[in-house]
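The values are calculated or read from the model by the stated rules, or taken from the named source; none is laboratory data. Note that the structure is predicted; figures quoted are calculated from it, not measured. Note: ideal-geometry Cβ built from the backbone for every residue, glycine included; neighbour counts use all protein chains shown.
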Amino acid sequence: MLGFLARRLALAALTVLAVVTITFALVHLAPGEPMLGNAERMRADSATIARQRARFGLDRPIATQFAFYLANLARGELGESFVRHRPVALVLGEALPNTLLLGAVALAASFLLGVAIGSVQAARRGTWVDGVLSIGSLACYSTPSFWLGLVLLLVFGQQLGWLPVAGMTDPAAPEHVGPLGRALDVLRHLLLPAATLALVNAGAIARFERGALVDALGAEFVRTARAKGLSPAAVLVKHAGRSALAPVLTLAGLSVPALLTGSVLVESVFGWPGMGRVTYEAIFARDYNVVTAAAMIAGILVALGSLLADLAVARADPRQRPDA
Amino acid sequence: MTGSATPATPATPPGREARVPLLELRDLRVTFPVAGGVARAVDGLDLLVEAGETVGLVGESGCGKSVTALAILRLVGPDGHIAHGSSVRLEGRDLLALPGKEMRAVRGNHVALVFQEPLSALNPVLRIGAQIAEAVRAHESVTRATARWRAIEMLTMVGLPEAERRARQYPHQLSGGMRQRVMIAMALVCRPKLLIADEPTTALDVTIQAEILELLAELQRKLGMAVLLITHNLGLVAETTQRVAVMYGGQIVEEAATEALFARAAHPYTEGLLAAVPRLDEPRERLRVIPGQVPPATSWPAGCRFHPRCPYAWERCRTEAPPLLEAAPGHRARCWLVEEPARRTRADAPPGEKP
């Protein structure tokens with residue numbers, strides 16, 4: 001087990017290094033330059049810009065820049081944001097917990113919702129219930145997240161006015177609400193962006209769960225379970241559900257990247273102060289250091305996600321344990 | 001059907017007329033929708049199993065044996081359909097009329113099933129102890145600890161070494177023979193009155209087969225249950241059963257005490273099956289086989305279902321379907337030869353032909 005973990009972590013480190021290299025190359029080779037954004041140009045003359053470029057080492061060859069970047073990275077230095085003039089670690093450090101909160105809630109909600117919908121479909125397969133849910137989950141799955149986000153925002157934020165339309169907290173909230181009040185405030189703000197991400201992902205998970213469950217329901221061990229005299233619910237949940245869990249957990253792990261890219265758009269729509277929005281802004285400002293660090297963190301999250309999914313799969317299916 | 005025929009009712013051994021049989025199947029019909037029609041997998045099957053006895057249900061693959069086993073517990077769904085007019089009675093109680101909940105109380109409790117392939121019949125992601133304990137808790141209100149203890153006790157009874165440790169293992173960690181012992185333990189943990197064993201040893205090595213059969217016989221003596229042994233293996237039937245029913249085309253074609261059947265098969269199909277068994281005491285150049293194949297269940301031949309493969313078949317067999325006819329007391333065959341035995345000697349062809 002320890003050997004397995006060590007191998008997986010080494011592999012993850014290599015993956016993250018590759019992500020850093022590729023992102024670094026892409027942002028530097030992409031057209032456009034930092035310091036030439038509108039705000040910068042209006043305020044600074046060319047001499048100032050040249051000074052700034054020299055200060056960040058942007059006038060050196062790209063290989064040299066990359067060597068410096070890696071050397072800094074090895075010391076735990078992520079550099080400075082060109083636009084915000086603050087350390088990248090601070091910029092992303094503020095945003096990361098917000099993204100993790102949004103992503104974790106969305107992932108958990110989409111998993112529960114997807115498994116629930118898929119189970120109902122499998123139990124009622126071939127009926128109109130199955131058909132309606134099938135269309136519903138396909139619609140969710142094929143809807144672009146930013147569009148779904150806008151629709152939810154219009155309906156629940158604008159028309160009905162039930163939920164806040166942007167941000168993570170209410171700036172007008174009274175000071176004395178206390179920790180519980182603040183948590184509820186964040187929850188209210190979290191609901192729409194999390195629902196947007198969760199619905200899109202739940203569509204995929206539901207379709208997968210339905211398929212895995214229908215396969216499992218046709219298995220011989222399910223017939224054995226019925227022959228034992230178990231109730232249909234026990235057969236579905238305990239026998240078919242347990243064996244359908246492993247593939248669905250794998251899918252949930254694989255959906256971490258989709259959630260992260262989805263959050264770039266959804267955070268922008270809802271003004272959620274997370275990594276996605278920071279990255280989005282950094283890409284347009286050609287804020288190299290922020291983009292590269294954000295990609296690296298995303299790489300780490302994806303690697304961790306798939307490692308956690310593999311551990312969960314091993315937990316769910318004894319045949320897939322590394323020591324089995 | 002002709003007037004001279006005496007369609008026999010399913011066997012009631014002499015002297016037992018007053019008693020209700022343990023299991024009584026009458027006119028059991030099971031259909032499956034298939035591409036291009038309806039497969040009549042079981043098509044008017046009558047069968048009796050008395051308490052405590054061992055009955056063999058024999059036939060080629062595709063003859064409807066396994067579907068019969070599943071139909072007894074109403075497990076042919078969602079595709080299979082047990083036709084109206086079929087009757088499955090357990091100690092006189094009509095199982096086909098039971099509401100779902102009462103039917104579940106029968107499954108695994110009064111009637112239990114052992115399947116052919118224990119690796120796929122056991123849930124791969126649950127510990128074997130838990131899978132057995134679950135059967136106990138489905139039928140008896142006992143604590144988890146008691147159910148677990150019962151599971152370990154049963155595993156010990158079926159001869160699984162280190163039962164307590166094994167109970168915590170998963171099916172893939174056991175050998176094939178051990179897995180079948182686990183299946184048997186799971187089936188018997190609630191002390192059923194009837195055990196249906198569907199090809200219980202087919203997936204096992206020959207040496208293990210003998211062990212499992214011995215175990216089944218021993219447990220039957222200890223627990224006093226009846227066994228319906230479903231198999232294509234006549235050797236198995238000869239060793240373990242008291243009565244045999246031979247199945248062909250979704251129906252019983254011959255039924256007799258095991259000794260009587262092996263001594264004097266009345267149905268040409270049974271003759272063919274017996275001739276296809278390799279024997280050491282008779283010199284024979286090559287094994288005989290029954291020519292042709294089991295016809296598809298979507299279109300049984302008219303008349304006798306075996307006539308296209310039968311060496312004795314004559315005009316009557318092609319048009320009239322024979323009922324089960326009494327060849328001797330307690331020995332019935334679905335064959336016109338019972339009425340016209342002279343035809344048997346007239347046929348030059350022996351049962352079966354050389355391949």
*Hey, can you tell me all the residues within region B:301-322 that are surrounded by fewer than 17 Cβ atoms within 10 Å (Cβ to Cβ) and either of a type outside the set (Asp, Glu) or not assigned by TED's automatic domain parsing to the domain that holds B:Ile290 (or both)?*
B:Pro301, B:Ala302, B:Pro308, B:Trp314, B:Arg316, B:Arg318, B:Thr319
*Hey, among the residues in region B:155-172 that are in contact (Cβ under 8 Å) with a residue 24 or more places away in the chain, more than 13 Å from every other protein chain (Cβ to nearest Cβ) and in a helix (DSSP H, G or I), which one's surrounded by the most Cβ atoms within 10 Å (Cβ to Cβ)?*
B:Leu155
*From A:Ala122, A:Ala116, residue being more than 23 Å from A:Ala194 (Cβ to Cβ), over 17 Å from the mean Cα position of the chain (by Cα) and part of a helix (DSSP H, G or I)*: A:Ala122
*asked:* Every residue in region A:229-249 that is touching a residue at least 24 places away in the same chain (Cβ under 8 Å), at the interface with chain B (Cβ under 9 Å from one of its Cβ atoms) and either within 16 Å of B:Gly77 (Cβ to Cβ) or of a type in the set (A, V, I, L, M, F, W, C) (or both), please.
replied: A:Pro232, A:Leu245, A:Ala246
_Scope region B:176-205; condition modelled with pLDDT of 90 or more and among the small types (Gly, Ala, Ser); matching residues_ = B:Ala185, B:Ala187, B:Ala197
*Would it be correct to say that B:Cys304 is more than 23 Å from the chain's Cα centre (by Cα) and either within 12 Å of B:Tyr248 (Cα to Cα) or modelled with pLDDT of 90 or more (or both)?*
no
*Would you pick out the residues in region B:81-112 that are of a type in the set (S, T, N, Q) and under 29 Å from B:Tyr170 (Cβ atoms)?*
B:Asn109
_Of all residues being part of a loop (DSSP other than H, G, I, E, B) and over 20 Å from B:Gln173 (Cβ atoms) in region B:113-152, which is farthest from the other protein chains (Cβ to nearest Cβ)? Just the residue, please._
B:Thr143
*Here are A:Ser145, A:Ser134: which of them is in contact with a helix residue (DSSP H, G or I) (Cβ under 7 Å, 6 or more places away or on another chain) and surrounded by fewer than 20 Cβ atoms within 10 Å (Cβ to Cβ)?*
A:Ser134
_Among (1) of a type in the set (Gly, Ala, Ser); (2) part of a helix (DSSP H, G or I); (3) farther than 30 Å from A:Val83 by Cα, there is one condition A:Gly229 misses while meeting the rest; what is its number?_
(2)
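Looking for something within 23 Å of B:Thr202 (Cα to Cα), surrounded by fewer than 20 Cβ atoms within 10 Å (Cβ to Cβ) and not assigned by TED's automatic domain parsing to the domain that holds B:Thr298 - is there at least one such residue anywhere in region B:120-141? Give the derivation first.
Narrowing region B:120-141 to residues within 23 Å of B:Thr202 (Cα to Cα): B:120-124, B:128, B:131-132.
Retained after the next criterion (residues that are surrounded by fewer than 20 Cβ atoms within 10 Å (Cβ to Cβ)): B:120, B:124.
Now restrict to residues that are not assigned by TED's automatic domain parsing to the domain that holds B:Thr298: B:120, B:124.
Yes; the residues of region B:120-141 include at least one that is within 23 Å of B:Thr202 (Cα to Cα), surrounded by fewer than 20 Cβ atoms within 10 Å (Cβ to Cβ) and not assigned by TED's automatic domain parsing to the domain that holds B:Thr298.
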_Scan region A:177-188 and tell me whether some residue there is away from chain B (no Cβ under 14 Å), of a type outside the set (Phe, Trp, Tyr) and surrounded by 21 or more Cβ atoms within 10 Å (Cβ to Cβ)._
no
_Positions within region A:154-182 being under 15 Å from A:Leu102 (Cβ atoms) and hydrophobic (A, V, I, L, M, F, W, C), in sequence order_ = A:Leu163, A:Ala166, A:Met168
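Residue-by-condition table, conditions (1) surrounded by fewer than 21 Cβ atoms within 10 Å (Cβ to Cβ); (2) within 14 Å of another protein chain (Cβ to nearest Cβ); (3) free of Cβ contacts under 8 Å to residues at least 24 places away in the same chain; (4) among the hydroxyl-bearing types (Ser, Thr, Tyr):
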site: A:Phe208; (1), (2), (3), (4): no, no, no, no
site: A:Ala212; (1), (2), (3), (4): no, yes, no, no
site: A:Asp215; (1), (2), (3), (4): yes, yes, no, no
site: A:Phe221; (1), (2), (3), (4): no, yes, yes, no
site: A:Arg226; (1), (2), (3), (4): no, yes, yes, no
site: A:Ala252; (1), (2), (3), (4): no, no, no, no
site: A:Ala258; (1), (2), (3), (4): yes, no, no, no
site: A:Glu267; (1), (2), (3), (4): no, no, no, no
*Quick one: how many residues across region B:207-225 are in contact with a Leu (Cβ under 8 Å, 6 or more places away or on another chain) and surrounded by fewer than 16 Cβ atoms within 10 Å (Cβ to Cβ)?*
1
*asked:* So if I check each of A:Pro273, A:Pro257, which one is part of a helix (DSSP H, G or I), under 18 Å from A:Ser145 (Cα atoms) and touching a helix residue (DSSP H, G or I) at 6+ places or on another chain (Cβ under 9 Å)?
replied: A:Pro257
_Looking only at residues that are within 14 Å of chain A (Cβ to nearest Cβ), crowded, with 16+ Cβ neighbours inside 10 Å and among the charged types (D, E, K, R) in region B:80-112, which one is farthest from the chain's Cα centre (by Cα)?_
B:Arg104
*Counting just the residues of region B:173-206 that are surrounded by fewer than 23 Cβ atoms within 10 Å (Cβ to Cβ) and β-branched (Val, Ile, Thr), which one comes out farthest from A:Ala225 (Cα to Cα)?*
B:Val206
*asked:* Criterion first (in the same structural domain as B:Glu50 (by TED's automatic domain parsing) and touching a residue at least 40 places away in the same chain (Cβ under 8 Å)) does B:Ile196 satisfy it?
replied: yes
_Filtered residues of region A:298-324 (kept if away from every other protein chain (no Cβ under 14 Å) and either without any contact (Cβ under 8 Å) to a residue 40 or more places away in the chain or within 22 Å of A:Gly57 (Cβ to Cβ) (or both))_ = A:Leu311
